[in-house]
Amino acid sequence: PKKVRTRHFHNAKRQGIKITGLTSYDQLSAAIFDAAGIDFLLVGDSAGNTVLGYGTTLPVTVDELIPLTRAVASAAKRAFVIADMPFGSYESGADQALHTAFRFMKETGAQAVKLEGGVRSAEQIRRIVSAGIPVMGHVGFTPQSEHGLGGHVIQGRGTQLEQLLADAHAVEDAGAFAVVLEMIPAEAARRVTAELEIPTISVGAGPHTDGQLLVWTDWAGLTTGRIPKFVKQYANLAAVLGEAALAFRADVEGGIYPGPEHSYDD
Ligand code: KIV
Ligand code: NA
């Protein structure tokens, strides 16, 4: 299959073809999503919630994300692989941001990086793009600043719409190839999508965007605990794996597994 490139994102928006993305943190899930034709795989710092067990994204480091990103990139034949820049790896300035982006590009095989923030991150985006590295922006609710935002709060409502629009335009003007809109009203996302040339990717931003992205463990029902309202669960992997573990335990405790067909002869 032909590798997805940034031009695919631009063409999709122009032609009205929706873009699909999932997060991935390992080569097994990456290979499955890639074969299904998912356009991009984001190795999100949501790994802090999903695979690393931190409960938030704040403690996640570049050194932790690099091996996960390398695993996903190794399995993606067609899908465009995006490395998420973790909290503390770009906010100090454009030099720090470029240094981090270089690390992901040199050490993982990702095709692009993503970072949070609109106006406040424009200098960083501009510098990374000028080095030839595609950047995906991320505005609206930005999990790395959840404490500054006062929790998991919907952004862009009422008088916040002007700030949201300013942030989205700042990302585009800085040269990003696409932008994630997280947890904003559907009508606000429609407005941003109409105003921007670059494609918008919704995570809890409704249907009027150029694409949709979900955290794969929420989407596949592997996450236990609270799932955001905007997630549609396409499978119940927690139940499947739980039942498999119970059956395995029953077989082993009952002397049923392993049978002769699973054992080696002399
Ligand atoms: O880390 C992540 O998974 C993300 C998406 C939810 C946008 O940043
Ligand atoms: Na993220």
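The values are calculated or read from the model by the stated rules, or taken from the named source; none is laboratory data. Fair warning: this is a prediction, and the values are worked out from it, not measured in the lab. Reconstructed Cβ throughout: ideal geometry from the backbone, glycine too, with neighbour counts over all protein chains shown.
Might you check whether a residue that is under 18 Å from the mean Cα position of the chain (by Cα), within 16 Å of ligand 1 (Cβ to nearest atom), crowded, with 19+ Cβ neighbours inside 10 Å and over 19 Å from Met183 (Cα atoms) occurs anywhere in the range 200-209? For the range 200-209, residues under 18 Å from the mean Cα position of the chain (by Cα), within 16 Å of ligand 1 (Cβ to nearest atom), crowded, with 19+ Cβ neighbours inside 10 Å and over 19 Å from Met183 (Cα atoms): absent. Among the criteria (1) in contact with a helix residue (DSSP H, G or I) (Cβ under 6 Å, 6 or more places away or on another chain); (2) among the small types (Gly, Ala, Ser); (3) within 21 Å of Phe177 (Cα to Cα); (4) in a helix (DSSP H, G or I), the one Ala31 does not fulfil is (3). For the range 49-75, the candidate set comprises residues that are under 14 Å from the mean Cα position of the chain (by Cα) and within 20 Å of Ser29 (Cα to Cα); within that set, the residue that is surrounded by the fewest Cβ atoms within 10 Å (Cβ to Cβ) is Val51.
Which residue, of Gly156, Gly175, is in contact with a Pro (Cβ under 7 Å, 6 or more places away or on another chain) and either polar (S, T, N, Q) or in the same structural domain as Thr57 (by TED's automatic domain parsing) (or both)? Every option except Gly156 fails the conditions.
Each row is one residue, and each column tells you yes or no for (1) among the charged types (D, E, K, R); (2) more than 11 Å from ligand 1 (Cβ to nearest atom); (3) modelled with pLDDT of 95 or more.
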site: Lys3; (1), (2), (3): yes, yes, yes
site: Arg7; (1), (2), (3): yes, yes, yes
site: Ala12; (1), (2), (3): no, yes, yes
site: Gly16; (1), (2), (3): no, yes, yes
site: Thr23; (1), (2), (3): no, no, yes
site: Ala31; (1), (2), (3): no, yes, yes
site: Asp45; (1), (2), (3): yes, no, yes
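Among the residues of the range 175-191, is there at least one that is farther than 24 Å from Ala112 by Cβ and crowded, with 19+ Cβ neighbours inside 10 Å? Within the range 175-191 (the criterion being farther than 24 Å from Ala112 by Cβ and crowded, with 19+ Cβ neighbours inside 10 Å), the answer is yes, since at least one residue qualifies.
Candidates are the residues of the range 76-99 that are within 15 Å of ligand 1 (Cβ to nearest atom) and over 16 Å from the mean Cα position of the chain (by Cα); the one that is nearest to Val192 (Cα to Cα) is Tyr90.
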